[in-house]
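Step one of this worksheet: look at the structure below.
The values are calculated or read from the model by the stated rules, or taken from the named source; none is laboratory data. None of these values were measured; they are calculated from a predicted model. Cβ placement follows ideal geometry from the backbone for every residue including glycine, while neighbour counts extend to all protein chains displayed.
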Amino acid sequence: MEPFLQLAPHSLAIVLSRRAPADSRGVTESAEPPRHHTGYEVFAEFKALNTEHFWNKMVADAIAETFFLGWLDEHVLLIQGKEEHLEALREAWTRRSLKAPRGFDIKYLGNQHPVHLHA
């Protein structure tokens with residue numbers, strides 16, 4: 001049996017991509033760049049936008065109970081929470097009801113698996 005270390009139990013990676021500026025076909029989205037300066041600010045906006053799920057109490061509760069874990073490579077938001085809350089977020093994403101922070105799109109969600117250490 002190989003030893004392993006789970007760095008971030010009960011965590012979820014939200015992989016984001018920056019939204020391209022509006023093209024010339026009349027898209028009305030603001031060309032103003034996002035004002036996020038830190039990963040925590042990206043998380044705070046993600047959380048604020050998604051607590052508005054008043055019609056889906058499970059998602060609103062899940063968002064309220066998640067915590068900022070990290071911000072990797074300026075496009076991967078790591079969050080942590082109870083497994084049932086993370087599952088509610090996964091389900092909301094598959095139903096396309098999870099909102100990305102302003103200036104971003106959600107590419108996909110991923111789980112953080114244990115990291116294996118070899119001695």
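Quick rundown of the values:
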read-out	value
Single residue of the range 99-119 satisfying the filter (surrounded by 11 or more Cβ atoms within 10 Å (Cβ to Cβ) and touching a Phe, Trp or Tyr at 6+ places or on another chain (Cβ under 9 Å)) that is modelled with the lowest pLDDT	PRO114
Enumeration of residues in the range 36-89 that are aromatic (Phe, Trp, Tyr) and either touching a residue at least 60 places away in the same chain (Cβ under 8 Å) or closer than 15 Å to LEU12 by Cβ (or both)	PHE43, PHE46, PHE67, PHE68, TRP71
Residue count for the range 8-28, restricted to those that are part of a loop (DSSP other than H, G, I, E, B) and either in contact with a Phe, Trp or Tyr (Cβ under 8 Å, 6 or more places away or on another chain) or at pLDDT 50 or above (or both)	7
Verdict on ALA60 being surrounded by fewer than 20 Cβ atoms within 10 Å (Cβ to Cβ), within 22 Å of ARG18 (Cβ to Cβ) and among the small types (Gly, Ala, Ser)	no
Looking only at the range 36-50, and only at residues there that are exposed (fewer than 15 other Cβ atoms within 10 Å of the Cβ) and assigned to a loop (DSSP other than H, G, I, E, B), the one that is modelled with the highest pLDDT	THR38
